[in-house]
1. Which net charge results when you count Lys and Arg as +1 and Asp and Glu as -1 among the other residues whose beta-carbon is under 15 Å from that of Gly26?
2. Taking +1 at the Cβ of each Lys and Arg and -1 at the Cβ of each Asp and Glu, which of Val54, Val27, Ala68 sits farthest along the dipole of the stretch 25-90 towards its positive end, judged by Cα position relative to the Cα centre?
3. At 7 Å along the Cα-to-beta-carbon direction for both Val121 and Val138, put a label point, then send me their distance in nm to one decimal.
4. Given points 7 Å out from each Cα along the Cα-Cβ axis, report the Arg31 to Thr51 separation in nanometres with one decimal.
5. For the stretch 48-98, rounded, prolate or oblate, judged on the Cα gyration tensor with a ≥ b ≥ c (square roots of eigenvalues), a/c < 1.5 rounded, else prolate if a/b > b/c?
6. At 7 Å along Cα-to-Cβ for each site, give me the label-to-label distance between Ala90 and Ala160 in nm.
7. State, to one decimal in nm², a quarter of the convex hull surface area for the C-alpha atoms of the stretch 11-91, i.e. the direction-averaged projected area.
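Values quoted throughout were computed directly from the atomic coordinates according to the rules given, and no laboratory measurement underlies them. Because the structure is a prediction, the values reported are computed rather than measured. For neighbour counting, all protein chains shown are included, and Cβ atoms are generated from backbone atoms with ideal geometry for every residue, glycine included.
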Amino acid sequence: MGDNARMPSALLLPLLTCSAVLLVSGVAKLRSPDAVDAAFTSLEVRQVLDTPLVRRLSPWAEVALGVALLVTSGAALTVVALLTLALFVAYLVLIVGAVRRPEPVDCGCFGALGDSRVTRVTVWRNVALVLSAALAVVAGLRDVGVVGALADGDALGWVAAAALSAAVAVLVAYRAPGAVEAAEPALDGDGNHEREKT
């Protein structure tokens, strides 16, 4: 098989990456609605979008897009990928605006998971997500989809390996809620470590 025949399958990786990120982010936000509320406030989301309905629906939208990236193909996948690209561009604009402020900002991008502080690393992460979504659009335009690849016996192993890579990346970035608190002993009112008290 020549290089041209193998290249379309490479577009599956950004599809799987975007899907994994959206699913993890959406589920994390569904589990931490307070973190979503705090993120809308700290990121200074425009008032027209900063409504209770949008706050509650945004995690479901991420989950829906994540699933749709996996199960659609052709024109439908192109539409889903374009919506994903628009969402990631909007997130990037919010993050860039936040990192320019003098005071620290928490984005709550993954609910209560991971480090929620907005830094330059957060900006580069979102740039990478925008590029991945752009490649997902290309995948739709070239009629490259996950379901179709799974039906192709030759591509099945590649899809499995790509899915594993995406899963490993997400799990490496995962940090259980309360991990930082557990790593450092709590202080009592006098500034002493509680575990030192008898």
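1. Values: positive: Lys29, Arg31, Arg55, Arg56; negative: Glu62.
My count for the surroundings of Gly26 gives +3.
2. Most positive-ward Cα: Ala68.
3. For the pair Val121/Val138, the computed spacing is 2.8 nm.
4. Label-label distance for Arg31 and Thr51, simple model: 3.0 nm.
5. oblate
6. 3.8 nm
7. In nm², the orientation-averaged hull projection of the stretch 11-91 is 5.3.
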